1. Which of the strands (runs of 3 or more DSSP E) contained wholly in the range 122-231 include at least 1 residues that are within 26 Å of Asp91 (Cα to Cα) and open to solvent by less than 20 Å² (accessible area, probe 1.4 Å)?
2. Out of Gly56, Gly74, Gly85, which single residue is touching a residue at least 40 places away in the same chain (Cβ under 8 Å), under 30 Å from Ala169 (Cβ atoms) and in contact with an Asp or Glu (Cβ under 8 Å, 6 or more places away or on another chain)?
3. I'd like to verify a number: residues in the range 43-60 that are within 26 Å of Glu158 (Cα to Cα), open to solvent by less than 30 Å² (accessible area, probe 1.4 Å) and of a type outside the set (D, E, K, R), how many?
4. In the range 107-129, is there at least one residue being at pLDDT 95 or above, within 24 Å of Tyr51 (Cα to Cα), among the aromatic types (Phe, Trp, Tyr) and touching a strand residue (DSSP E or B) at 6+ places or on another chain (Cβ under 8 Å)?
5. Going through the range 23-53 one residue at a time, which ones are over 18 Å from the mean Cα position of the chain (by Cα) and of a type in the set (A, V, I, L, M)?
6. Does Ala130 satisfy being of a type in the set (Gly, Ala, Ser) and under 16 Å from Val62 (Cα atoms)?
7. Among the residues of the range 66-96, how many are closer than 19 Å to Phe32 by Cα, open to solvent by 40 Å² or more (accessible area, probe 1.4 Å) and modelled with pLDDT of 95 or more?
8. Check the range 175-183 and report whether any residue there is under 24 Å from Pro49 (Cα atoms), touching a residue at least 24 places away in the same chain (Cβ under 8 Å) and under 19 Å from the mean Cα position of the chain (by Cα).
Amino acid sequence: MAAATTTTTTTETAMAATKGKIPNWRVTGDWFDVCKCNIPCPCEFAQTPTYGDCEGILAYNVKIGNYGETSLDGLNVLAVGSFKGNIWAGDGTTKVDLALFFDERANEQQREALNMIFSGKAGGFMAEFAKLIGEVRGIEYAPIKFELANDLSYWSAEIPGKVLAKAEALTGPTTPPGKRVQTINPPGSEVGPGGVATWGISLADEADTIGFKWKRKGRSSKHIPFEWRGP
């Protein structure tokens, strides 16, 4: 989808932010991760990671969204991160270090809006999630390819040469055909309360960018739809 045009300027958006006048905004879409943990990832249950630390890739696709008058429909965001300990422990010591990638298709207004939302500066759930972030190692604009099967049988995201995340839905001998393995209201949801996590198994979990480097497969993955709004 081509980047939407808008009459709102970057300067106006920045001035509004500076004055505390964040516009009303809303985004709905799909999120998934692939990570180092065994299935199921204990972090989703607000527990310590399988190996005491976690590394992974988090991918976001905004199906429908707006930041004031700025459309965010169809744009992608991807994060690569790592942390040690239980990120949900609430002790203020466990923080996730991240590299952030925003969709290079975004125009100036959209880039400003994505930065505001995903940094937590625009309020909403990400304002709470931002409290868990330690070092932001870098922010780049990149070509992000995001795919999701309508029946949740697979999902994937890629930044060529830097990041590759692919997974298929978890299944087993007693899983009914076409049904998904799901957790309702997970206590450690990365996209906020009230979600439904669909479990998967990674086919690729690869990163080689901004100080993050690993390559694995066969570990935990999960998909959760998100809906955020602010300020």
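The values are calculated or read from the model by the stated rules, or taken from the named source; none is laboratory data. Predicted model, so just to flag it, every value in this text is computed and none were measured. Here the Cβ is made from the backbone with ideal geometry for all residues, glycine too, and neighbour counts use every protein chain on show. For the accessible areas, the whole protein counts, side chains as well, though only heavy atoms, and no ligand, DNA or RNA atoms are used. Shrake-Rupley method; radii C 1.70, N 1.55, O 1.52, S 1.80 Å.
1. Working: elements: 133-142, 145-148, 154-159, 163-169, 182-184, 196-209, 212-216, 220-230.
Once the strands (runs of 3 or more DSSP E) in the range 122-231 are filtered for at least 1 residues that are within 26 Å of Asp91 (Cα to Cα) and open to solvent by less than 20 Å² (accessible area, probe 1.4 Å), what remains is 133-142, 196-209, 212-216, 220-230.
2. Numbers: Gly74 fails: in contact with an Asp or Glu (Cβ under 8 Å, 6 or more places away or on another chain); Gly85 fails: touching a residue at least 40 places away in the same chain (Cβ under 8 Å).
The match here is Gly56.
3. Here is the first cut: in the range 43-60, the residues within 26 Å of Glu158 (Cα to Cα) are 43-44, 49-51, 53-60.
Now narrow it down to the ones that are open to solvent by less than 30 Å² (accessible area, probe 1.4 Å): 43-44, 49, 54, 56-60.
With the extra rule that they be of a type outside the set (D, E, K, R), the set shrinks to 43, 49, 54, 56-60.
Count: 8.
4. no
5. Correct list: Ile39 only.
6. Values: of a type in the set (Gly, Ala, Ser): yes; under 16 Å from Val62 (Cα atoms): no.
No; evaluated as a whole, the condition is false for this residue.
7. Going through the range 66-96, the residues closer than 19 Å to Phe32 by Cα turn out to be 72-83, 87-88, 96.
Filter again for open to solvent by 40 Å² or more (accessible area, probe 1.4 Å), leaving 73, 88.
Restricting the remaining residues to those that are modelled with pLDDT of 95 or more gives 73.
Summing the residues that are closer than 19 Å to Phe32 by Cα, open to solvent by 40 Å² or more (accessible area, probe 1.4 Å) and modelled with pLDDT of 95 or more in the range 66-96 gives 1.
8. Applying the first criterion (under 24 Å from Pro49 (Cα atoms)) to the range 175-183 yields 180-183.
Of the ones still in play, those that are also touching a residue at least 24 places away in the same chain (Cβ under 8 Å) are 180, 183.
Pick out the ones that are also under 19 Å from the mean Cα position of the chain (by Cα) and you get 183.
Looking for residues that are under 24 Å from Pro49 (Cα atoms), touching a residue at least 24 places away in the same chain (Cβ under 8 Å) and under 19 Å from the mean Cα position of the chain (by Cα), one finds at least one in the range 175-183, hence yes.
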